[in-house]
Amino acid sequence: MLYSMYELGHLSVAPLRIAAMMQSSLLRSPFNPAADTELSRRTAAASDLFESVTRRYGKPAWNLPVTSVGGVEVSVTPKKVWSSPWCNLVHFERDEAALKRARGERTDPSVLLVAPMSGHHATLLRGTVEAFLPEQEVYVTDWVDARLVPIMHGRFGYGDYIDHVMGMIRALGPDVHVVAVCQPGPPVLAAISMLAQEGDPCAPATMTFMGSPIDARRSPTAPNLLAEQRSIEWFSENMIHTVPAFYPGAFRRVYPGFVQLASFMGMNLSRHVDAHNDYFQHLIVGDGDSAQKHRDFYDEYLSVMDLSEEFYIETLREVFQEHTLARGELVHHDVRVDPGAITATALLTVEGELDDISGIGQTQAAHDLCVNIPEAMRQDYVQAGVGHYGVFNGKRFRTEIYPRMRRFFREFRSAAAGRRRPLRVVSQS
């Protein structure tokens with residue numbers, strides 16, 4: 001019922017939003033003699049603000065058409081190279097001829113960037129991908145919005161996520177460097193552990209965890225405490241809703257993106273109110289650059305996706321309530337997951353000093369679980385002065401975190417590096 005009411009609200013406000021857009025255009029028209037008056041500027045700014053807060057934000061585009069390699073402009077084309085109903089693995093393919101001009105015959109490390117499946121689209125990592133592109137072959141998990149997956153494709157739970165990560169690592173081969181950003185940390189560590197336990201030759205060269213809740217019992221944050229204070233039954237009854245009939249995933253039970261967005265914004269409501277007030281003031285005075293920065297951020301932040309009921313509930317139980325991986329009790333396909341089986345995959349953990357989502361120590365816990373990785377193959381880094389988002393995006397990421405990751409990839413490239421088999425497009429049923 002809530003989902004249908006939410007959609008009805010969007011439809012009912014649509015005429016007002018269109019009217020606001022028309023009013024803004026008329027008030028700013030060069031043919032309007034009153035366009036530069038205080039009243040017109042304020043009214044136009046109010047119209048723009050109303051339109052922005054009532055708009056439906058679709059999935060953003062990657063908008064990464066080129067990168068620069070050694071001063072040479074290289075075109076970039078996102079291509080799907082592995083897919084299932086729930087995920088598309090996207091390769092940011094760089095123009096090979098331009099690459100050879102820029103770097104000669106040198107081969108670059110392959111990086112599998114596992115994006116969060118926690119409400120936002122993979123494009124939230126646009127800045128991360130942009131930083132990697134000049135010197136890495138970048139692959140990103142582009143998870144599919146659950147409301148777009150027909151119910152005929154069945155469930156998608158925590159174990160399915162682990163299987164997906166294992167399948168993509170196998171598709172890329174043993175020289176890949178796996179990077180898990182935030183939420184994927186525990187299932188990615190579980191996937192790599194399973195590969196090691198199976199003696200799979202495609203176990204990755206390195207694994208990097210960034211702001212991940214490997215052990216959410218350490219330095220618990222507000223989201224961690226909330227997950228523990230409520231029962232699984234409470235979350236099922238209050239957070240899970242049915243997709244309306246006019247979506248491809250009609251009648252699927254999901255954790256709606258708009259519900260999660262409301263929770264996120266509620267945690268820092270005053271900050272978002274101040275940001276929109278600043279936006280309003282920038283519009284009034286005609287500060288187009290500042291207004292555009294606000295639009296760019298919120299176009300991404302307000303674009304959300306639904307999660308399947310199974311994945312949301314099982315993640316809550318396994319990661320935030322029972323802490324099964326951290327306690328050595330996670331079972332996948334009737335096999336206990338043992339991170340101690342990992343011996344040949346190097347480990348890097350990255351945390352933010354001011355992270356209010358994954359507290360200090362939660363990501364570092366990976367070192368305590370992966371007890372058989374040699375000390376020389378472990379690295380840990382805490383970035384001063386950044387919160388959760390700053391761990392994988394922004395100036396500090398580009399200038400301080402990424403250079404460490406680049407060195408880490410090159411230091412621990414596997415013996416198979418540079419000899420990866422050609423990757424063909426694979427579709428998973």
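Overview of values
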quantity	calculated
Translational diffusion of region 106-249, µm² s⁻¹ [Kirkwood Rh, Cα pairs; Stokes-Einstein; 4 °C; 1.567 mPa s]	76 µm²/s
Whole-number D in µm² s⁻¹ for region 141-205, Kirkwood Cα-pair radius fed into Stokes-Einstein, 25 °C, 0.890 mPa s	193 µm²/s
Region 234-264: chymotrypsin sites (Phe, Trp or Tyr not before Pro) in DSSP coil with no more than 12 other Cβ atoms inside 10 Å	F246, F251
Dipole of the chain [Lys/Arg +1, Asp/Glu -1 at C-beta], most positive-end residue of Y139, Y57, Y247	Y139
Dipole magnitude (debye, nearest 20) for region 299-369, charges at Cβ of Lys, Arg, Asp, Glu	400 debye
Within region 264-304, backbone nitrogen closer than 19 Å to the virtual label 7 Å beyond the Cα of Y6 toward Cβ	264-269, 298-304
Paramagnetic reach from E411 (point 7 Å along Cα→Cβ, amide N under 19 Å) across region 185-214	204-211
Residue-count net charge about P256 - beta-carbon cut-off 9 Å; Lys, Arg +1, Asp, Glu -1	0
Global size of region 9-80 as Cα Rg and Dmax, reported in angstrom	19.3, 52
Exceeding the 24 Å Cα-Cα cut-off - candidates K100/K293; K59/K293; K80/K293	K100/K293; K80/K293
Total charge dipole magnitude, region 190-330, about the Cα centre, Cβ charges on Lys, Arg, Asp, Glu only, Debye to nearest 20	200 debye
Candidates H177, H91, H276: whichever shows maximal mean-square fluctuation once the chain is modelled as a Gaussian network with Cα springs under 10 Å	H276
Dipole axis of the chain (+1 Lys, Arg; -1 Asp, Glu on Cβ), positive-most option in S29, G359, L261	S29
Quotient of C-alpha Rg and 2.2 N^0.38 Å, computed over region 205-364	1.29
Quotient of Cα Rg and 2.2 N^0.38 Å for region 1-159, N being how many residues it contains	1.47
Burial ordering of I373, I214, fewest other beta-carbon atoms within 10 Å first	I373, I214
Percentage, to the nearest whole number, of Cα pairs in region 285-355 over 14 Å apart	79 percent
Shape metrics for region 329-397, restricted to C-alpha atoms - Rg then Dmax, Å	14.3, 44
Once the Cα gyration tensor of region 167-253 is diagonalised, semi-axes √(5λ) in Å	31, 21, 11
Cleavage-rule hits (GluC sites (Glu not before Pro)) in region 61-119: DSSP loop, at most 14 neighbouring Cβ within 10 angstrom	E105
Value in Å of the Kirkwood radius, where the chain supplies the Cα pairs that are averaged	23.1 Å
Percentage relative contact order, the chain, counting C-alpha pairs under 8 Å, at least six apart	20 percent
Ordering of 190-197, 179-186, 9-16 by packing [mean C-beta count within 10 Å, highest first]	179-186, 190-197, 9-16
Using alpha-carbon coordinates, inclination of helix 158-172 to the longest axis of the chain, degrees	70 degrees
Highest average packing first - 108-117, 302-311, Cβ atoms within 10 Å	108-117, 302-311
Alpha-carbon centroid distance for the pair region 153-202 / region 96-121, whole angstrom	19 Å
Magnitude of the charge dipole, the chain, Cβ model with Lys/Arg +1 and Asp/Glu -1, debye to 20	1000 debye
Order by protection proxy (mean Cβ within 10 Å, highest first), peptides 26-35, 148-157	148-157, 26-35
For the chain, calculated [θ]222 nm from helices alone, where every DSSP H run of n ≥ 4 adds -39500 (n - 2.57)	-12000 deg cm²/dmol
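Any read-out appearing in this document is the output of simple, stated calculations on the displayed coordinates, not a laboratory observation. Being a predicted model, the structure only gives us computed values, none of them experimental. A quick note on method: Cβ atoms are made from the backbone with ideal geometry, for glycine too, and the neighbour counts reach across all protein chains shown.
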